[in-house]
Amino acid sequence: QVQLVESGGGLVQAGGPLRLPCAASGRTFSYLAMGWFRRVPGKEREFVAAISWGGDSTYYLDSVKGRFTISRDNAKNTVYLQMNSLKPEDTAVYYCNADPNIITLATTLSDHWGQGTQVTVSS
């Protein structure tokens, strides 16, 4: 089983950037699709972005397309979420997760989540 630790969250002004890393350990990272999700208190967790294990396929939530970029460094066992042009509605706790299948990752919420990292965008 892979262990995931998210970091990089913080307070940022609207329009600003933030980069979230997620470090993985425990099993072979290179053969897993990786994804980012977010949750606002009182709302369901939602899919944000996913990347295939080779990095050649990516999927995004419509509202973040053109602003967020997911990438991965398999040598460092780390997946990143570069967030640009942040909006107050992006405020949430951000989580990463993994699955062998990118479609499953993007469409099915896992039962297992890490601590996440808080992103707060001020207007």
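The values are calculated or read from the model by the stated rules, or taken from the named source; none is laboratory data. Note that this is a predicted model, so its numbers are computed, not measured. A quick note on method: Cβ atoms are made from the backbone with ideal geometry, for glycine too, and the neighbour counts reach across all protein chains shown.
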Point to revise | Whichever residue in segment 16-26 is part of a strand (DSSP E or B) and within 15 Å of the chain's Cα centre (by Cα) and, among such residues, is surrounded by the fewest Cβ atoms within 10 Å (Cβ to Cβ) | key: 19
Study note, to complete from the structure: In segment 58-89, residues that are without any contact (Cβ under 8 Å) to a residue 40 or more places away in the chain and either over 19 Å from residue 26 (Cα atoms) or among the polar types (S, T, N, Q) (or both) total 14
Practice item. For residue 2, work out the one condition from (1) modelled with pLDDT of 95 or more; (2) within 15 Å of residue 113 (Cβ to Cβ); (3) among the aliphatic types (A, V, I, L, M) it doesn't fulfil. Key: (1)
**Study point:** Index of the failed condition, residue 11 passing every other in (1) within 17 Å of residue 100 (Cα to Cα); (2) assigned to a strand (DSSP E or B)
**Key:** (1)
